[in-house]
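Student: I have a structure here, written as structure tokens, and I will follow up with some questions on it.
The values are calculated or read from the model by the stated rules, or taken from the named source; none is laboratory data. Quick caveat, the model's predicted, so the values are computed rather than measured. No Cβ is skipped: glycine too gets one built from the backbone with ideal geometry, and neighbour counts run over all protein chains shown. Just the protein is used for accessible areas: all its heavy atoms, side chains included, with ligands, DNA and RNA removed. Shrake-Rupley method; radii C 1.70, N 1.55, O 1.52, S 1.80 Å.
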Amino acid sequence: MPVVPIQETSAGIDFSQRVVVSTTVAGSPALAAETTIATLTLPGDLAVIRSVILRGWAAFTVGTSGTTVQLRIRQTDTSGTVKGNSGALTGGVSAGNLLVESVAGVDAAPSNTGQVYVLTLQVANGAAASTVSAVEFDAIVV
């Protein structure tokens, strides 16, 4: 069977509303609490045909007594449905260390097109606040 070449390109098609990015640090974990570190909201007038691809990245300094760190992507807030989870990461986790970690997920059925997502960070056994210095939180609506 012959290979069919691609006949069309995306040149001239505006995908900007389908890619949502947040680089604003919303907070830092106090002690061992799961804390929202970034938030993003999908535009209200998009049709979600397949799913929403989610990616989060954070740079942070581990607070006193931290033993593991965990990034999560949730719908709505820190009690919302988990859409991405890094699991408990231990590499380099020690008080005062600057770490960079990431997490990815997919929401196959967002509740609406104005869906809010949060990127959270939890430092297990933290006896003092950790400090988030940079984040990037992205959503691609497909």
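Student: If I compute solvent accessible area with a 1.4 Å probe over the protein chains, what percent of it on the chain is carbon and sulfur?
Tutor: 55
Student: Related question: If you take the square roots of the eigenvalues of the alpha-carbon gyration tensor of the range 24-142 and sort them as a ≥ b ≥ c, do you get rounded (a/c under 1.5), prolate (a/b over b/c) or oblate?
Tutor: prolate
Student: Go through Ser133, Ser22, Ser28 and list them by solvent-accessible area, largest first, probe radius 1.4 Å.
Tutor: Ser133, Ser28, Ser22
Student: Also, quick follow-up: Search the structure for amide H atoms under 5 Å from the amide H of Ser51, placed 1.01 Å from N in the peptide plane, and list their residues when 5 or more places away or on another chain.
Tutor: Val142
Student: Give me the Kirkwood hydrodynamic radius of the range 54-120 in Å, from all C-alpha pairs, to one decimal place?
Tutor: 12.8
Student: Between Ile49 and Val82, how high is the FRET efficiency from 1/(1 + (r/R0)^6) when r is the Cβ-Cβ distance and R₀ = 22 Å? Nearest 0.05.
Tutor: The computed FRET efficiency comes out at 0.45.
Student: Can you tell me the relative contact order of the chain? Whole percent, Cα pairs under 8 Å, sequence separation 6 or more.
Tutor: 41
Student: If you count only protein heavy atoms with a 1.4 Å probe, what accessible area per residue comes out for the range 85-142, rounded to a whole Å²?
Tutor: Using a 1.4 Å probe on heavy atoms only, each residue of the range 85-142 averages 42 Å².
Student: Roughly how much of Ser16 is accessible, in Å² to the nearest 10, using a 1.4 Å probe?
Tutor: Answer for Ser16: close to 70 Å² accessible.
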